[in-house]
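Beneath this line is the structure, given in structure tokens, with notes to follow.
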Amino acid sequence: MSSPPHHPRDPVGWCAGLALAFLALAFVRLGLPSKPYFDEIHYLPAARALLAGSDWLNREHPMFGKELLAAGIALFGDHPWAWRLPSALAGAFALWAATRALWFASLSRFATVAYGVLLATGFIVFVHARIAMLDMFMVALLALAFWQSAAAVREPEHGRRSLAIAGVALGLAIGTKWNAIPLAPLPGLAFLAVRVHACGWRGAFGRRGAPVPGIRLAEAALWLGVVPLAVYALTYLPAYLIEPGEVSRRGFFGLHQMMLRMQESVTKPHPYQSVWTDWIVDRRAIWYLYEPADGAQRGVLLIGNPLTMLVGLPAIAWCAWMGIARKRFDALGVFLIYAASLGMWIVAAKPIQFYYHYFVPSMALLAALALALDALRLRGWGWLSWAVLAGSVGMFVWFFPILDAAPLDGPRAFERWMWLDSWR
């Protein structure tokens, strides 16, 4: 089941090229608008307060993403380009790491490159790579964790290092947004399930057997269970330094009870709120920006690519069937990531939800679509696979002006792209 680190057909150059091209495109008008917009108005003051050591703001969310924003301001200055640079870098890295994860999971050259194209033109990654929010950091760290988990299976000679990196990335992802919580146990549970399947319960505790020969269950539990929790706890160190009395009084668990209460306390209806049934059919958009800014009318719309978000739905169903009925583990993994990340929002107690909560499920959806397009190609339907990829690029080009804060013709210019009333 192992493969050499550099497979002769490994599309590593394509992965790098797509990530760099994405980064270059994200840099276009990165500093516009020149004032904070959408949730930047919450996260930038929190980052500045961390830099000053004066307060711990935006307490309903964990700290690591705001620490990254603070690092960007400290390194490059307190101006719009510097606010958003960490997100742009995280977006390019997320694209790179996600394609590497699919390569190690599937060993399919076409699916890997197709996934890169679908992610780059899927709207959601691009929009979040250009705004100082927390989501892009969380997604990049999750992509790193799943890349390294898959790499440990394919390259067991480096398994210990890969699992250690995966564990750190999982802890930092949870330390960015709690949305990562339902995904964090998946690598460890997958390791346990595969080891027991390969060796039985009696042999499962030895060093031999899949998924990573040489790694015992106890060591896997360390890297994929203990390390993420320890790293997550360390991300709160600035809170202990800023307000040692309050944090000590509440304790670590009390701190989280407070955060959870704050998450659940937002009950006032919002015009952009939506639920998971809206997300999966691309029904409800969010205008992150639509107003005169920097001398022109500008807009930034968060919505999924209307083509790939819909054709990805049968692909997810196909992955579920292939994974369960045919024991195809790359397809099963993609389906489980989609189900876990979406299922959280079906049962979550958070009363007000938004389309950006579909970010992680949409990443899995596009991975499923890439695998399905590869299967179509192998069955002689290559023209259809290429048509979907071309269509994804075409949609991205058409919507680009309202993804990139480009100058628009006037206050009613948005109507050109409003195919559904619910997008307004």
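Below are the figures for this structure:
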| item | result |
| --- | --- |
| Helices (runs of 4 or more DSSP H) completely within region 70-151 that count 2 or more residues being in contact with a His (Cβ under 9 Å, 6 or more places away or on another chain) and modelled with pLDDT of 95 or more | 80-106 |
| Among residues of region 266-276, those that are over 19 Å from His128 (Cα atoms) and more than 20 Å from the chain's Cα centre (by Cα), counted | 6 |
| Pair list, Cβ < 6 Å and 6+ apart or interchain, from region 387-402 residues that are under 12 Å from Asn305 (Cα atoms) and touching a residue at least 12 places away in the same chain (Cβ under 8 Å) to residues that are open to solvent by 20 Å² or more (accessible area, probe 1.4 Å) and of a type outside the set (Ser, Thr, Tyr) | Leu389/Val117; Gly391/Leu307; Ser392/Leu307; Met395/Leu307 |
| Hits in region 252-271 - residues which are farther than 22 Å from Ile181 by Cα and either of a type in the set (D, E, K, R) or buried (at least 16 other Cβ atoms within 10 Å of the Cβ) (or both) | Lys268 |
| First in region 253-272 and closer than 12 Å to His61 by Cα, second anywhere and surrounded by fewer than 10 Cβ atoms within 10 Å (Cβ to Cβ) and acidic (Asp, Glu), Cβ under 7 Å, 6 or more apart | none |
| Residue in region 236-251 that is touching a Cys at 6+ places or on another chain (Cβ under 7 Å), surrounded by 14 or more Cβ atoms within 10 Å (Cβ to Cβ) and not aromatic (Phe, Trp, Tyr) present | no |
| Criterion (buried (at least 19 other Cβ atoms within 10 Å of the Cβ), of a type in the set (D, E, K, R) and out of contact with any Ser or Thr (no Cβ under 7 Å at 6 or more places or on another chain)) met by exactly one of Asp282, Asp278 | Asp282 |
| Some residue of region 268-282 being under 27 Å from Ser362 (Cα atoms) and touching an Asp or Glu at 6+ places or on another chain (Cβ under 9 Å) | no |
| Residue tally, condition part of a loop (DSSP other than H, G, I, E, B) and over 15 Å from Leu229 (Cβ atoms), over region 181-198 | 1 |
| Residues of region 294-316 satisfying the condition of being among the aliphatic types (A, V, I, L, M) and either open to solvent by less than 10 Å² (accessible area, probe 1.4 Å) or in contact with a Lys or Arg (Cβ under 6 Å, 6 or more places away or on another chain) (or both) | Val300, Leu301, Leu302, Ile303, Met309, Ala315 |
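Here is a yes/no grid of residues against (1) surrounded by fewer than 24 Cβ atoms within 10 Å (Cβ to Cβ); (2) without any contact (Cβ under 8 Å) to a residue 60 or more places away in the chain; (3) not aliphatic (A, V, I, L, M):
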{"position": "Pro45", "(1), (2), (3)": "yes, yes, yes"}
{"position": "Arg48", "(1), (2), (3)": "yes, yes, yes"}
{"position": "Ser54", "(1), (2), (3)": "yes, no, yes"}
{"position": "Leu57", "(1), (2), (3)": "yes, yes, no"}
{"position": "Pro62", "(1), (2), (3)": "no, no, yes"}
{"position": "Lys66", "(1), (2), (3)": "no, no, yes"}
{"position": "Ala71", "(1), (2), (3)": "yes, yes, no"}
{"position": "Asp78", "(1), (2), (3)": "yes, yes, yes"}
{"position": "Gly91", "(1), (2), (3)": "no, no, yes"}
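The values are calculated or read from the model by the stated rules, or taken from the named source; none is laboratory data. The structure presented is a predicted model; accordingly, all values stated were derived computationally and were not measured. Cβ coordinates were reconstructed from backbone atoms using ideal geometry, including for glycine residues, and neighbour counts include every protein chain displayed. These area figures cover heavy atoms from the full protein model, side chains too; ligands, DNA and RNA do not enter into them. Shrake-Rupley method; radii C 1.70, N 1.55, O 1.52, S 1.80 Å.
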